[in-house]
Amino acid sequence: MSFFEAVVIAIVEGITEFLPVSSTGHMVITQALLGMESDAFLRAYTVNIQFGAILSVVVIYWKSFFRSLDFYFRLFVACLPLVIAYLLEKQIDMMLASVWVVAVALLLGGIVLLYVDRWFAGGQEEKEGTITYRSAFIIGLFQIISVIPGVSRSAATIVGGMSRKLSRKTAAEFSFFLAVPTMFAASLLKLGGQYHTFTTQDIRLLLLGNLVSFLVAMLAIRTFIHYLTRHGFRAFGWYRIGLGVILLVLLLSGSKLDVL
């Protein structure tokens, strides 16, 4: 992996991590467009640079992380369903290399986003501290769906929150908070089994990728919240549908995008 490729992937991660468009799916597409072949380090890189993105959440919402122990208990309850995802780690890694999976998930997820505002209209502007443990657990169940590349962790958890009568803003912010322990654990697990194989160049790439994803995600979060509270999900739905259709057309026409 070159420094240019590392920066491009990190920019894509920073922009898409907290948008309901699937950061993993976009990174898979980006790797295909750059002609990169999947290997152990590339898979570790795409997971680890999420750490930089989650630091942006801590910086922007730092007051929430010092609010009370109850805040952490809710996050813990929401993370419990991820044990299932951990048991399916090998199957998930296999899917990470499939643009077919990304294309279909983008398309289906886009259709859902076209109607989600109508389905869950009337959510209340509750503060994060009023989210019940039951709601936190259910949002965590929605998060399991996002292990499929192209689904989007952000989309799944925000929809999960809105299904519990949370407003778009409250659901989105809880999704951001939930990303911190979720992606931190994912980064540690991925690095834990591979850190001893990294070269000095690999470590430099990881540091650069995390820095870039952190800076880009800072801007993306603020922009997304501003847009979401005013306009909802329809634009993201149409974007996903359009991208999914384009990918399927390319794949069906014999493109080598599916070879990663």
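The values are calculated or read from the model by the stated rules, or taken from the named source; none is laboratory data. Being a predicted model, the structure only gives us computed values, none of them experimental. All Cβ positions, glycine included, derive from the backbone under ideal geometry; neighbour counts span all protein chains shown.
Can you give me the ranges of the helices (runs of 4 or more DSSP H) entirely in the stretch 16-86 with at least 3 residues that are touching a Ser or Thr at 6+ places or on another chain (Cβ under 6 Å) and over 15 Å from L188 (Cα atoms)? Don't jump to the end; show me each part of the working.
Details: elements: 23-33, 40-48, 50-60, 69-79.
Filter on the stretch 16-86 gives 23-33.
Quick one: V59 ticks every box in (1) under 22 Å from A105 (Cβ atoms); (2) hydrophobic (A, V, I, L, M, F, W, C); (3) modelled with pLDDT of 85 or more bar one, so which box is it?
Result: V59 fails condition (1) only.
Looking at (1) of a type outside the set (V, I, T); (2) under 25 Å from S135 (Cβ atoms); (3) touching a residue at least 12 places away in the same chain (Cβ under 8 Å), can you tell me which one Y227 breaks?
(3)
Looking only at residues in the stretch 12-36 that are in contact with a Gly (Cβ under 8 Å, 6 or more places away or on another chain) and either surrounded by fewer than 16 Cβ atoms within 10 Å (Cβ to Cβ) or more than 22 Å from S2 (Cβ to Cβ) (or both), which one is modelled with the highest pLDDT?
P20
Out of the residues in the stretch 111-135 that are touching a Leu at 6+ places or on another chain (Cβ under 8 Å) and at pLDDT 70 or above, state the one that is nearest to F177 (Cα to Cα). Show your work before the answer.
If we filter the stretch 111-135 for residues that are touching a Leu at 6+ places or on another chain (Cβ under 8 Å), which is where we start, we get 123-124, 126, 131, 135.
Checking the rest, the ones that are also at pLDDT 70 or above come to 131, 135.
Working: I131: 13, S135: 14 Å.
Top of the filtered list is I131.
Suppose we filter A217, A235, A171 for residues that are out of contact with any His (no Cβ under 8 Å at 6 or more places or on another chain), surrounded by 22 or more Cβ atoms within 10 Å (Cβ to Cβ) and either at pLDDT 90 or above or under 24 Å from S98 (Cα atoms) (or both); which single one remains? Even if it seems obvious, please write down each step before you answer.
Working: A235 fails: surrounded by 22 or more Cβ atoms within 10 Å (Cβ to Cβ); A171 fails: either at pLDDT 90 or above or under 24 Å from S98 (Cα atoms) (or both).
On inspection, the qualifying residue turns out to be A217.
List the pairs whose first member sits in the stretch 37-57 and is without any contact (Cβ under 8 Å) to a residue 24 or more places away in the chain and crowded, with 24+ Cβ neighbours inside 10 Å, whose second member is part of a helix (DSSP H, G or I) and aliphatic (A, V, I, L, M), and whose Cβ atoms are under 6 Å apart, counting only residues at least 6 apart or on separate chains?
Qualifying pairs under 6 Å: none.
Take residues that are more than 16 Å from the chain's Cα centre (by Cα) and not basic (K, R) and tell me which of the helices (runs of 4 or more DSSP H) falling wholly in the stretch 135-251 contain 3 or more. Before the answer, list the steps.
On the way: elements: 153-163, 168-192, 200-231.
Correct list: 168-192, 200-231.
Which residue pairs have Cβ atoms closer than 7 Å, lie 6 or more positions apart in sequence or on different chains, and pair a first residue in the stretch 70-91 that is modelled with pLDDT under 90 and aliphatic (A, V, I, L, M) with a second residue that is surrounded by 12 or more Cβ atoms within 10 Å (Cβ to Cβ) and not in a helix (DSSP H, G or I)?
Short answer, once both residue conditions are applied: A85/V147; L88/V147.
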